[in-house]
Amino acid sequence: MISKLHLSFDNSDPKIIGIRDNSIYNPDVTICDPYLVVVAPGFQTAYAVDVTPNNYHPVNSNSLGLTTASNYSDMINLPDGVYYVKYSIQPHDKMYREYWFYRTSALRCDFNQALLSLHLDTCTSSRTLVDERTDELMLADFHLRAAEANINDTEANEDLANKHYQKAKEIITRVVKGC
């Protein structure tokens, strides 16, 4: 049996990328030198993260060399944009898996705050009660999803992803500022 490497990502926290190793390892082979590399958007440096097979690995601003915080509140939000992650075990040239994804967590926080400011009525279902700001935020959500969809393991249209992200950011800023 050949090991099948697989990671899953949790981007719900703007300060942390949760990386879970869901790999299926050959029980007859000792796992040697697991290696995880993360490259954040706008950075050329690949940061190595200590990993233990079949575990959860939080990547934060300390992991990427952006801070040396001793507690969560002193960490900074990780930048939004395209992330590259590579996970490998021995032999590293044959047993590896690469991932790309477009992180939108920081802008999602702004989106959620804008959404909460709408005070949506849950008692009526009339479309006429949905105002222009609600329509704008629905459009921003579609742009965020389009940014994420344009960067994955099979697609890599970074230019289009960035355009969708910027459009979502413009819309969210406009709704928050009320102009």
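The values are calculated or read from the model by the stated rules, or taken from the named source; none is laboratory data. Bear in mind the structure is a predicted one, so any value in this text is a computation, not a measurement. Cβ sites come from the backbone with ideal geometry, for glycine too, and all protein chains shown count toward neighbours.
Within the range 49-74, the set of residues being hydrophobic (A, V, I, L, M, F, W, C) and farther than 19 Å from HIS6 by Cβ comprises LEU64, LEU66, ALA69.
Does TYR165 count as surrounded by 12 or more Cβ atoms within 10 Å (Cβ to Cβ), modelled with pLDDT of 95 or more and in the same structural domain as HIS57 (by TED's automatic domain parsing)? So TYR165 does not fit the description; no. Among the residues making up the range 64-97, those that are closer than 22 Å to CYS32 by Cα, in contact (Cβ under 8 Å) with a residue 24 or more places away in the chain and not β-branched (Val, Ile, Thr) are LYS86, TYR87, SER88, GLN90, HIS92, MET95, TYR96, ARG97.
GLU155 meets the conditions (1) in contact with a helix residue (DSSP H, G or I) (Cβ under 9 Å, 6 or more places away or on another chain); (2) surrounded by 15 or more Cβ atoms within 10 Å (Cβ to Cβ); (3) of a type in the set (D, E, K, R); (4) at pLDDT below 95 in every case but one. The failed one is (2). When the range 107-130 is filtered for residues that are modelled with pLDDT of 85 or more and either crowded, with 17+ Cβ neighbours inside 10 Å or assigned to a loop (DSSP other than H, G, I, E, B) (or both), the ones remaining, listed by number, are LEU107, ARG108, ASP110, PHE111, ALA114, LEU115. Restricting attention to the range 4-42, the residues being loosely packed, with under 15 Cβ neighbours inside 10 Å and part of a loop (DSSP other than H, G, I, E, B) number 10. The single residue among MET1, MET95, MET75 that is surrounded by 19 or more Cβ atoms within 10 Å (Cβ to Cβ) and over 29 Å from ALA161 (Cα atoms) turns out to be MET95.
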